[in-house]
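To start, the structure under review is shown below, and the notes come after it.
The values are calculated or read from the model by the stated rules, or taken from the named source; none is laboratory data. Predicted model, so just to flag it, every value in this text is computed and none were measured. Every residue, glycine as well, gets a Cβ built from its backbone with ideal geometry; the counts of neighbours run over all protein chains shown. All accessible areas refer to the heavy atoms of the entire protein, side chains included, with ligands and DNA or RNA removed. Shrake-Rupley method; radii C 1.70, N 1.55, O 1.52, S 1.80 Å.
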Amino acid sequence: MPILINRSHAIALLIVLLLIVWVASGDATEPDVTDRPLNNQESSFKVGYEVFVPTQKASSVRISAHVSANRSIDVVAEINGKVTALPLKRGALVNKGDTILEIDQRDFPAKLKQAKARLEQRQLETASVRNLYQRGLTNQSAIASAEAELAEAEAIVTRARLDLEATRIKAPYSGVYDQRFIELGEYVSIGQALVRVIDNTTMLVKGSVSENNIHQIRQGSSAYAILPDENRLDGSIRFIASSADVKTRTYAIEMEVKNATVPLFDGQTATLFVPQGLVDAYFVSPSLLIITDNGGLGLKVITTDNIVAVVPVSILSAEINGIWVQGPSGPQRIITVGQGFVKVGEHVNTVRLNNNEANQS
């Protein structure tokens, strides 16, 4: 009995036979596709560089700072009482010992007078006891008792005198009567701040220097500061902290101002400069700077073997169209095109871009 095959089955069988024939007729051998390593030139990225020749420029350690008075003291009350007089206005120049404020004396004068009278009595009694002792009419114990009472009377006089003097608040040194924290007629208590006196006879510029620059500064070295209005203050470093601030890891530094030609105010912003002499400086675009692994600034350069390297730099000064940096010395092949696509230690192909040149190196 003949086997019947429908049309769709016949087409499927034909396709299978054609696939079998096509596979069987393929090349018996595979092409050689063994990987071979590329040489450096074939695997390197191409970057553009320029040769930067340094210029000798004055270098300084630059520190954000502020103007500060040599001393600033809030004078506090040493007695309780009501403010009875304010003879000076805030901002007045004062000399050491000038009265700035007065507190009600109450019965302090009378107490002092009484204490002095008692002291005189004790002095006479002590002298009498000593005379009796010399005559053999009393013993050593009587002398000791009399001298103890005399010392007590002297202490009472001293206390009464100090209380009376405390009613007159005086300038602790020459300077400026800068602030008043109370008003006429106000009752003040012991320890309460009354007035602030600033010693502006010597002005300082204070700042904090990083641990990367602390070794470049010496006590007594010349320095200068620039105010926001471009006025310059000359001076010398009078203090460098021996220990760093725990939070900022920076060291406090002070410059004493000499012969200031402009009025100075406590708290003014300033930039402190400590000159370091002449160094090799490079004028570059700020866009070429990178952050180094230790958090500083750097530039990507090309070595003589066309290897990418980083040289650490610091900013000397800024201008409208670029910045001056220092760090390396001598001519530098700085990557100016493609630096973001290459890593330190990588071999690259280079194109020199100076003076519109395009010479393959």
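Pairs, please: C-beta under 7 Å, at least 6 apart or cross-chain, first residue farther than 10 Å from ARG180 by Cα and free of Cβ contacts under 8 Å to residues at least 40 places away in the same chain and in segment 70-94, second assigned to a strand (DSSP E or B) and among the polar types (S, T, N, Q)?
Taking only residues 6 or more apart or on different chains, the pairs are PRO87/THR99.
Inside segment 87-97, can you point out the residues that are surrounded by 17 or more Cβ atoms within 10 Å (Cβ to Cβ) and either at pLDDT 95 or above or part of a strand (DSSP E or B) (or both)?
Passing the criteria: only VAL94.
Just checking: which of the strands (runs of 3 or more DSSP E) contained wholly in segment 299-340 hold 2 or more residues that are more than 15 Å from LEU353 (Cα to Cα) and of a type outside the set (Ser, Thr, Tyr)?
Values: elements: 308-319, 322-326, 332-337.
Counting at least 2 such residues, we get 308-319, 322-326.
Could you figure out which of (1) closer than 30 Å to ILE169 by Cα; (2) surrounded by fewer than 17 Cβ atoms within 10 Å (Cβ to Cβ) isn't true of VAL53?
Tallying (1) closer than 30 Å to ILE169 by Cα; (2) surrounded by fewer than 17 Cβ atoms within 10 Å (Cβ to Cβ), VAL53 fails exactly one: (1).
Please identify the pairs in which a residue from segment 170-191 that is farther than 21 Å from VAL94 by Cβ has its Cβ atom under 6 Å from the Cβ atom of a residue that is of a type in the set (Lys, Arg) and surrounded by fewer than 17 Cβ atoms within 10 Å (Cβ to Cβ), counting only partners at least 6 apart or on another chain.
TYR187/LYS82
Consider only pairs whose beta carbons are under 9 Å apart and that are at least six residues apart or on different chains; among these, list those whose first residue lies in segment 232-247 and is aromatic (Phe, Trp, Tyr) and whose second residue is surrounded by 14 or more Cβ atoms within 10 Å (Cβ to Cβ).
Filtered contacts from segment 232-247: PHE239/LEU204; PHE239/LYS206; PHE239/ALA252; PHE239/ILE253; PHE239/GLU254; PHE239/MET255; PHE239/GLU256.
Conditions: (1) on the phi > 0 side of the Ramachandran plot; (2) part of a strand (DSSP E or B). ALA252 meets all but one. Number of the miss?
Result: ALA252 fails condition (1) only.
Going by the conditions given, is SER72 part of a strand (DSSP E or B), at pLDDT 90 or above, among the hydroxyl-bearing types (Ser, Thr, Tyr) and touching a Leu at 6+ places or on another chain (Cβ under 6 Å)? If you could, list the steps in order and put the result at the bottom.
Values: part of a strand (DSSP E or B): yes; at pLDDT 90 or above: yes; among the hydroxyl-bearing types (Ser, Thr, Tyr): yes; touching a Leu at 6+ places or on another chain (Cβ under 6 Å): no.
Against the criterion (part of a strand (DSSP E or B), at pLDDT 90 or above, among the hydroxyl-bearing types (Ser, Thr, Tyr) and touching a Leu at 6+ places or on another chain (Cβ under 6 Å)), SER72 does not qualify.
Starting from residues that are within 17 Å of the chain's Cα centre (by Cα) and among the small types (Gly, Ala, Ser), keep the ones in segment 246-283 and report whichever is least open to solvent (accessible area, probe 1.4 Å).
Filtering first and then ranking leaves ALA270.
Does PHE265 satisfy being touching a strand residue (DSSP E or B) at 6+ places or on another chain (Cβ under 8 Å), assigned to a strand (DSSP E or B) and under 30 Å from VAL176 (Cβ atoms)?
No.
Going through segment 180-224 one residue at a time, which ones are farther than 30 Å from GLU78 by Cα, of a type in the set (D, E, K, R) and at pLDDT below 95?
GLU211, ARG218
Run down ASN259, ASN294 and say which single residue is without any contact (Cβ under 8 Å) to a residue 60 or more places away in the chain and under 18 Å from SER68 (Cβ atoms).
ASN259
In segment 100-112, which residues are in a helix (DSSP H, G or I) and surrounded by 14 or more Cβ atoms within 10 Å (Cβ to Cβ)?
Scanning segment 100-112 gives PHE108, LYS111, LEU112.
Of all residues in segment 314-328, which are open to solvent by less than 30 Å² (accessible area, probe 1.4 Å) and either farther than 16 Å from SER59 by Cα or out of contact with any Pro (no Cβ under 7 Å at 6 or more places or on another chain) (or both)?
LEU316, GLY322, VAL325, PRO328
Has segment 216-238 got at least one residue that is open to solvent by 20 Å² or more (accessible area, probe 1.4 Å), of a type outside the set (Phe, Trp, Tyr), closer than 29 Å to GLN332 by Cβ and not in a strand (DSSP E or B)?
Yes, segment 216-238 has at least one match.
How many residues does segment 133-144 contain that are open to solvent by 60 Å² or more (accessible area, probe 1.4 Å) and not in a loop (DSSP other than H, G, I, E, B)?
The total comes to 4.
I'd like to check something: does segment 155-168 contain any residue that is assigned to a strand (DSSP E or B) and either among the β-branched types (Val, Ile, Thr) or modelled with pLDDT of 95 or more (or both)?
Yes: one or more hits.
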